[in-house]
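Here's the structure, in structure tokens; my notes come after.
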Amino acid sequence: MLVTTSYSPSPELVDKASRLAADYGGRMVPRRRDSLQQIRKKFTGDSLLLVTKEEIRYYEGDIPAHFFHPSMALVRIKRMLRGESDLLIDVSGAARGDVVVDCTAGLASDAIVFSFAVGAAGSVTALESEKVPAMLIREGLSVYESEIPELNEAMRRIAVRQIRHTDYLQQLETKSVDIVYFDPMFRHPIEESSSISPLRQNANAEAVSLEAIAEARRVARKSIVLKEHRDSKEFDRLGFEHVLRSTTKTTYGVIRLC
């Protein structure tokens, strides 16, 4: 992976790009006056990470750039600040101080909403098994600035781990978290998001396993939540007793543990 900056970078931006190159096994190359296409040709790299003051963008092959954006989390948190409810928070039972594990973080939209709901007294760990999505959400959550202070604070509180969720759950103590969340809809979308769709070739497309659900049952105190297509057979296969019926194409299944 090649790593470069925007044109005329500050010393701080060069330092950041150098750090990212070191952290993620990339090769730092100077931008000078070259276009990104020229850099990729000159240094014979198929993948490239562009570091700017506002964000990082990942390019691979001919597909559009991958980048972090809070997506619908921004809209949902605005609604919650107005006193409206959020369906995911309602069905999970998430409350201030809760500990949440998002097992399939994607680009962390749901993790952000959970982080807002549980507040500074709680915690959210977002798990992503694949290198590129994990890199984008880790860096994006740390620097993205919205006009909503509460959203920014929620993003900064999220801990991102690059690890397979079953492996992570196996490391946890029994009854050590409140909520475990799975969203395989990120792997098999109904509607494409402009920020997420290019990322799918780097995503883990594996279905949620019975082993993962067994571990979630062991570690969770309050609930396990699965987001899926409303007609999905995954709810029955994985043992979700409570399925919220919906007029939309997606819905949540819940295993209540208390």
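More than 30 Å from Thr248 (Cβ to Cβ), in contact with a helix residue (DSSP H, G or I) (Cβ under 6 Å, 6 or more places away or on another chain) and surrounded by fewer than 19 Cβ atoms within 10 Å (Cβ to Cβ), is that true of Met28? In short, yes. Scoring Met135 on the criteria (1) in a helix (DSSP H, G or I); (2) free of Cβ contacts under 8 Å to residues at least 60 places away in the same chain; (3) hydrophobic (A, V, I, L, M, F, W, C); (4) surrounded by 24 or more Cβ atoms within 10 Å (Cβ to Cβ) leaves a single failure, condition (2). Among the residues making up the stretch 235-258, those that are under 19 Å from Ala216 (Cα atoms) and either hydrophobic (A, V, I, L, M, F, W, C) or buried (at least 16 other Cβ atoms within 10 Å of the Cβ) (or both) are Phe235, Leu238, Phe240, Val243, Tyr252, Gly253, Val254, Ile255, Leu257, Cys258.
One residue stands out among those in the stretch 68-78 that are crowded, with 20+ Cβ neighbours inside 10 Å and outside any loop (DSSP other than H, G, I, E, B): the one that is nearest to the chain's Cα centre (by Cα), which is Ala73.
Residues of the stretch 10-50 that are within 21 Å of Ile63 (Cβ to Cβ), under 28 Å from the mean Cα position of the chain (by Cα), among the hydrophobic types (A, V, I, L, M, F, W, C) and part of a helix (DSSP H, G or I): Leu20, Leu36. Of all the residues in the stretch 82-132, those that are of a type outside the set (A, V, I, L, M, F, W, C), over 22 Å from Pro149 (Cα atoms), outside any loop (DSSP other than H, G, I, E, B) and at pLDDT 95 or above number 3.
For the condition over 14 Å from the mean Cα position of the chain (by Cα), over 22 Å from Tyr58 (Cα atoms), among the hydrophobic types (A, V, I, L, M, F, W, C) and at pLDDT below 55, Ile190 qualifies.
Only residues that are under 16 Å from Arg138 (Cβ atoms), of a type outside the set (D, E, K, R) and within 18 Å of the chain's Cα centre (by Cα) were counted in the stretch 51-67, giving 4. Screening the stretch 102-128 for residues that are closer than 21 Å to Glu228 by Cα and out of contact with any helix residue (DSSP H, G or I) (no Cβ under 7 Å at 6 or more places or on another chain) and picking the one that is surrounded by the most Cβ atoms within 10 Å (Cβ to Cβ) gives Ala111. For the residues Ile213, Ile179, the requirement of being at pLDDT 95 or above, part of a helix (DSSP H, G or I) and surrounded by 15 or more Cβ atoms within 10 Å (Cβ to Cβ) singles out Ile213. Looking across the stretch 138-151, the residues that are of a type outside the set (Gly, Ala, Ser) and either surrounded by 17 or more Cβ atoms within 10 Å (Cβ to Cβ) or assigned to a loop (DSSP other than H, G, I, E, B) (or both) come down to Arg138, Glu139, Leu141, Tyr144, Glu145, Glu147, Ile148, Leu151.
Once the stretch 131-152 is narrowed to residues that are of a type in the set (A, V, I, L, M, F, W, C) and under 12 Å from the mean Cα position of the chain (by Cα), the residue that is farthest from His66 (Cα to Cα) is Leu141.
The values are calculated or read from the model by the stated rules, or taken from the named source; none is laboratory data. The shown structure was predicted, so the numbers you read here are calculated from the model rather than taken from an experiment. Don't worry about glycine lacking a Cβ; one is built from the backbone with ideal geometry, like all the others, and counts go over all protein chains shown.
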